[in-house]
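Trainee: Can you read through this structure? Questions will come right after.
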Amino acid sequence: MSASATASNGLFGLRNAAGHNEARGTSRAKEKEHRLHLALSPRSMELLDALKDKTEASSYAEVFKNAMRLYAAIIEETDKGNDLYLKDQDGNLTQYKVFF
């Protein structure tokens with residue numbers, strides 16, 4: 001899944017690439033934004049900075065939004081009974097256990 005890709009209509013009502021809420025059919029412009037204040041440990045802030053740099057995200061908000069979409073998609077798939085596997089460069093599959 002690319003950084004701009006999202007999960008399909010599901011429990012989380014994720015947005016598609018055009019910014020439309022797939023569950024309700026509304027656009028971002030009509031919705032009120034919510035602000036969130038976080039207190040992060042130095043280690044978490046280093047991780048956030050590293051993710052922002054690695055993904056070339058324009059903001060910390062973009063990193064969080066992308067991470068939430070990915071997390072939601074993983075939860076949605078595991079709720080359906082599907083498993084998540086990681087494939088290494090040699091083609092070996094390793095099951096990734098998701099805890100939530």
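Trainee: Could you list, in sequence order, all residues of region 29-54 that are at pLDDT below 95, exposed (fewer than 10 other Cβ atoms within 10 Å of the Cβ) and of a type outside the set (A, V, I, L, M)?
Mentor: Result: Lys30, Lys32, Glu33, His34, Arg35, His37.
Trainee: Restricting attention to region 55-81, which residues are at pLDDT 95 or above and on the phi > 0 side of the Ramachandran plot?
Mentor: Glu56 - this is the single residue of region 55-81 that is at pLDDT 95 or above and on the phi > 0 side of the Ramachandran plot.
Trainee: Please specify each residue of region 61-91 satisfying the condition of being touching a Leu at 6+ places or on another chain (Cβ under 9 Å), outside any strand (DSSP E or B) and either over 25 Å from Arg35 (Cβ atoms) or hydroxyl-bearing (Ser, Thr, Tyr) (or both).
Mentor: Within region 61-91, Ile74, Glu76, Glu77, Thr78, Asp79 meet the criteria.
The values are calculated or read from the model by the stated rules, or taken from the named source; none is laboratory data. Model, not experiment: these values are computed from the prediction. Glycine gets a Cβ as well: all are built from the backbone with ideal geometry, and neighbour counts include every protein chain shown.
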